[in-house]
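Read the figures in this text as sums done on the coordinates, not as results from a lab. Everything quoted here is computed from the prediction, not taken from an experiment. Because the Cβ atoms are built from the backbone with ideal geometry, glycine has one as well, and the counts that use them run over all protein chains shown.
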Amino acid sequence: MKNTALLQKHIDANAKMVPFAGYNMPVQYEGVNAEHETVRQGVGVFDVSHMGEFFLRGPKALDLIQRVTTNDASLLFDGKAQYSCMPNGNGGIIDDLIVYRIKEDEYLLVVNASNIEKDWQWISSHNTEGVSMENASDRYSLLAIQGPKAAEAMQPLTDVNLSAMGYYTFTKGTFAGETDIFISATGYTGSGGFEIYVPNEAASKVWDAVFKVGESFGIKPIGLAARDTLRLEMGFCLYGNDIDDTTSPIEAGLGWITKFTKEFVDCERLKRQKEEGVTRKLVAFEMLERGIPRHDYRILDKDQNVIGKVSSGTMSPSMKSGIGLGYVEISHSSLDSEIYVEIREKGILAKVVKLPFYKK
């Protein structure tokens, strides 16, 4: 089990630690609902240092990214980031990721912790033109400082104008006295904020500075459990739950990051899916009766026939109702379709709704 550079900070804050993606990670501190609310209303800090960072450099770096990802990275400019995914050659998804263009021939790819090795091998296997690849995953710590007060709270720590940064843009600047730090206006909560990439040796110092400057804003550490409820309220996919090697981006509602203006792995197969349609689709649903949907619960029609299964589910802290994502047969995927989630061998009524669940 690996530890992040911030392990002692979590222990000092009385975090409940759990194994996650090969790392010892904080799942919660004071409780999921309180931490969720802190991010929705104020500012909270996640240690997401388990994420992977790959640098791709050289004149053919863009070509390699274009080949292995579905989104069109040629649209990126210096300081712009893009959400994308990597198809696996069989219609499924290797991983979802963020692509950062640092400059014309240098990119940063940020991948999921559980897929670091798999992703590295996959990209390497397509690197036929000598792109310089560096796996820097073990060198960087990543702090996700999230919430509507993040920009105002963190501004004293940096020379970058945080409130002027657009969503999915990034820059390098000074942060908490450290120079050449990646500051990215990204995050997986839907409440705004930043992700700060710092060398491991500076992580504890930066963490302390963040909490000191954020004290008057009620800043708190946030665990992975609240990260999950926050992302689910926005309908953001979680790899291993909502997308994996058996789900296609078209089925998963990721057609918007699947661009057929270029050639990429599985391009023809996915184009055919888009044109001809798929047999199942990832939908969002809200419980109409009392019950909490959970991963792998069966989804039924009104006659109790199995039509799919839940990929992610929870009791929404913001809405106080059961919400979830799940794959269902296409005939049950339209908005307002009534479906039933099997909870303790009983079908509980739900309906298909539009994302996001949480409206600001």
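Between VAL210, VAL131, VAL18, the residue with the greatest mean-square fluctuation in the GNM of the chain (Cα pairs under 10 Å linked by springs) is VAL18.
Extension gain for ASP245-ARG294 works out to 15.6 nm (0.36 nm per residue, less the C-alpha to C-alpha distance). 3J(HN,Hα) along the range 24-32, derived from phi through the Karplus expression 6.51 cos²θ - 1.76 cosθ + 1.60 where θ = phi - 60°, amounts to 8, 10, x, 8, 6, 10, 9, x, 4 Hz, with x in place of Gly and Pro. Per-residue ellipticity at 222 nm from helix content only, as computed over the chain with -39500 (n - 2.57) for each DSSP H run of at least four residues, stands at -5500 deg cm²/dmol. Which of the aspartates and glutamates could a cross-linker span from LYS271 if the Cα-Cα distance has to be under 13 Å and same-chain partners fewer than 8 positions apart are dropped? In chain and number order, the partners are GLU251, GLU263. What net charge do the residues around LYS60 carry, taking every other residue with its C-beta under 14 Å from that of LYS60, with Lys and Arg at +1 and Asp and Glu at -1? Here the count lands on -3. Charges were assigned to the Cβ only: +1 to each Lys and Arg, -1 to each Asp and Glu. The resulting dipole of the range 279-360 about its Cα centre is roughly 360 debye.
Think of the chain as a dipole: +1 on every Lys or Arg Cβ, -1 on every Asp or Glu Cβ, centred on the Cα centre; then among GLY190, VAL352, PHE211, VAL352 lies furthest on the positive end. Relative to the 2.2 N^0.38 Å rule of thumb, the range 134-198 has a C-alpha radius of gyration ratio of 1.06. When the C-alpha to C-alpha distance is required to be over 23 Å, the pairs from LYS60/LYS259; LYS281/LYS320; LYS259/LYS281; LYS172/LYS259; LYS9/LYS212 that qualify are LYS281/LYS320; LYS172/LYS259.
Extension gain, GLU201 to ARG344, is 46.6 nm, computed as 0.36 nm per intervening residue step minus the present C-alpha separation. The range 52-135: Rg/Rh from Cα coordinates, Kirkwood Rh? Answer for the range 52-135: 0.92.
Pairs of C-alpha atoms in the chain farther apart than 36 Å represent 22 percent of all such pairs. Computed from the C-beta positions of ASP303 and LYS359 and an R0 of 22 Å, the FRET efficiency is 0.10 to the nearest 0.05. Simple rule: put +1 on each Lys or Arg Cβ and -1 on each Asp or Glu Cβ in the range 1-156, find the dipole, and look at MET17, PHE46, ALA113; the Cα lying farthest toward the positive end is MET17. Taken about its Cα centre, the chain carries a charge dipole of roughly 680 debye when the Cβ of each Lys and Arg holds +1 and the Cβ of each Asp and Glu holds -1. Counting only aspartates and glutamates at least 8 places from LYS103 when in the same chain, those with an alpha carbon closer than 17 Å to its own are GLU53, ASP63, ASP72, ASP78, GLU134, ASP180. At what distance in angstrom do the alpha carbon centres of the range 230-286 and the range 167-197 lie from each other? So the two Cα centres are separated by 27 Å. Summed over all non-identical Cα pairs, the Kirkwood treatment of the range 279-360 gives a radius of 12.1 Å.
Dipole size of the range 4-65 about its Cα centre, with +1 on Lys/Arg Cβ and -1 on Asp/Glu Cβ: approximately 200 debye, rounded to the nearest 20.
Cross-link reach is defined here as a Cα-Cα straight distance under 14 Å, omitting same-chain residues fewer than 8 places apart; for LYS360 the aspartates and glutamates meeting it are GLU37, GLU233. Taking the centroid of alpha carbons for each part, the range 300-360 and the range 1-77 are 28 Å apart. For LYS271, what is the net charge nearby, where nearby means another residue's Cβ is under 15 Å from its Cβ and Lys, Arg count +1, Asp, Glu -1? Net charge around LYS271: -2.
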